[in-house]
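S.K.: This structure is in structure tokens; I'll ask about it shortly.
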Amino acid sequence: MQTISSNPLLSVEGLTTVFTTAAHGKLTAVDDVSFSINSGQSLSIVGESGCGKSVTSLSIMRLIPTPPGEISGGKVLFDGQDLLKLSEPEMQRIRGNSISMIFQEPMTSLNPVFKIGEQIAEVLRLHEGLNKKVALDRTVDLLHQVGIPSPAQRAKEFPHQLSGGMRQRVVIAMALACSPRLIIADEPTTALDVTIQGQILDLMHQLAEDTGTALLLITHDLGVVAENADDVVVMYGGRVVEQASTLNLFKKPLHPYTQGLMRSIPAIPEKGSPLQKGMLETIPGVVAPLYAQPKGCRFNERCKHAFAKCKQVEPPLLTPEAGREVRCWLYA
């Protein structure tokens, strides 16, 4: 997929991550994944659970547990610097400072025995060198920025005293503490109700626009993608199967898997139109486990368009039109 700039802020090139298991040996969870993000741009990685989205984000941050995991190939260029070649102390200076990450469940990101103000202030003291009082004052400002009422009081409370939406706002405040150039948000609204989901996503999108921060959003929800991403990477079986701008992807999805995801979204009829009857369309089958990936195209067992070649040879990423890539023999 073409990029807006010749020097993207983040460029992932051929990223490959494997896990060593006792039962099945080495399994490839992320297989030759490439994409790029420019400053101020938002990109979303979508796909079903088990497609490699979260492992991709953790690989970028060098947070894959080793063993059993290992980044076995590729490059992760951040502002021209390969993160995979940095030492752990060098990566620690980048995490939370230049690149921040928002995880799925805020209770796993926050320490239950420390007040939230202390946890955010620690980030500021570590990366910005602020003293305790200045860091706590800045923490209150951050909590106010993410829409938490009575921020001075909330800073003195423990995570369990806050609702799920409040805790996720705290995690966002922590991610924004050092004005990062890139935020990676891994399913940031999974545990929240629909109303709070909208508030959190609007907040993240607005803050990214205001600060010029790039946003990498990991999700399985195409509704979230439509409202919050400039470009989309669709993953399946650890591979990129389609890349396009959000507008083009929703206007004309190319890969049968992307088409299946689109058809599984309930449509709201226009005013005066009859309600849609019948069951929502689903993609048959399930994502194959890593140790039982089918030969050829990894989606062929679930694809109604599959023909003989699909079951024998895995397709490369093809370019059917400018700015789009798709891994499907239908476009060869």
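The values are calculated or read from the model by the stated rules, or taken from the named source; none is laboratory data. Source: prediction; values computed, not measured. Cβ sites come from the backbone with ideal geometry, for glycine too, and all protein chains shown count toward neighbours.
S.K.: List the number of the failed condition for T139; all other conditions in (1) of a type in the set (S, T, Y); (2) buried (at least 21 other Cβ atoms within 10 Å of the Cβ); (3) within 19 Å of F103 (Cβ to Cβ) hold.
M.R.: Of (1) of a type in the set (S, T, Y); (2) buried (at least 21 other Cβ atoms within 10 Å of the Cβ); (3) within 19 Å of F103 (Cβ to Cβ), only one is false for T139: (3).
S.K.: Please go through the range 281-332 and pick out each residue that is over 15 Å from V234 (Cα atoms), more than 23 Å from the chain's Cα centre (by Cα) and not in a loop (DSSP other than H, G, I, E, B).
M.R.: Scanning the range 281-332 gives Y291, A292, N300, E301, R302, A308, K309, C310, K311, W329, L330, Y331.
S.K.: Please verify whether the range 127-137 includes one or more residues that are more than 30 Å from V12 (Cα to Cα), in contact with a Leu (Cβ under 7 Å, 6 or more places away or on another chain), assigned to a loop (DSSP other than H, G, I, E, B) and not hydroxyl-bearing (S, T, Y).
M.R.: yes
S.K.: Tally the residues that are out of contact with any Lys or Arg (no Cβ under 8 Å at 6 or more places or on another chain) and among the hydrophobic types (A, V, I, L, M, F, W, C), restricting the search to the range 87-122.
M.R.: 6
S.K.: Something else: Restricting to the range 102-121, name every residue that is modelled with pLDDT under 90 and surrounded by 18 or more Cβ atoms within 10 Å (Cβ to Cβ).
M.R.: I102, F103, P106, S109, L110
S.K.: Could you tell me which numbered condition M204 fails, if it satisfies all but one of (1) at pLDDT below 85; (2) under 22 Å from S98 (Cα atoms); (3) out of contact with any Leu (no Cβ under 9 Å at 6 or more places or on another chain)?
M.R.: (3) is the only condition that M204 fails.
S.K.: Going by what's in this entry, would K53 be described as within 18 Å of D186 (Cα to Cα), of a type in the set (K, R) and in contact with a strand residue (DSSP E or B) (Cβ under 7 Å, 6 or more places away or on another chain)?
M.R.: yes
S.K.: Taking the range 50-96 as the search range and keeping residues that are of a type in the set (D, E, K, R) and in a loop (DSSP other than H, G, I, E, B), which one is surrounded by the most Cβ atoms within 10 Å (Cβ to Cβ)?
M.R.: Looking at the filtered set, the residue picked out is R62.
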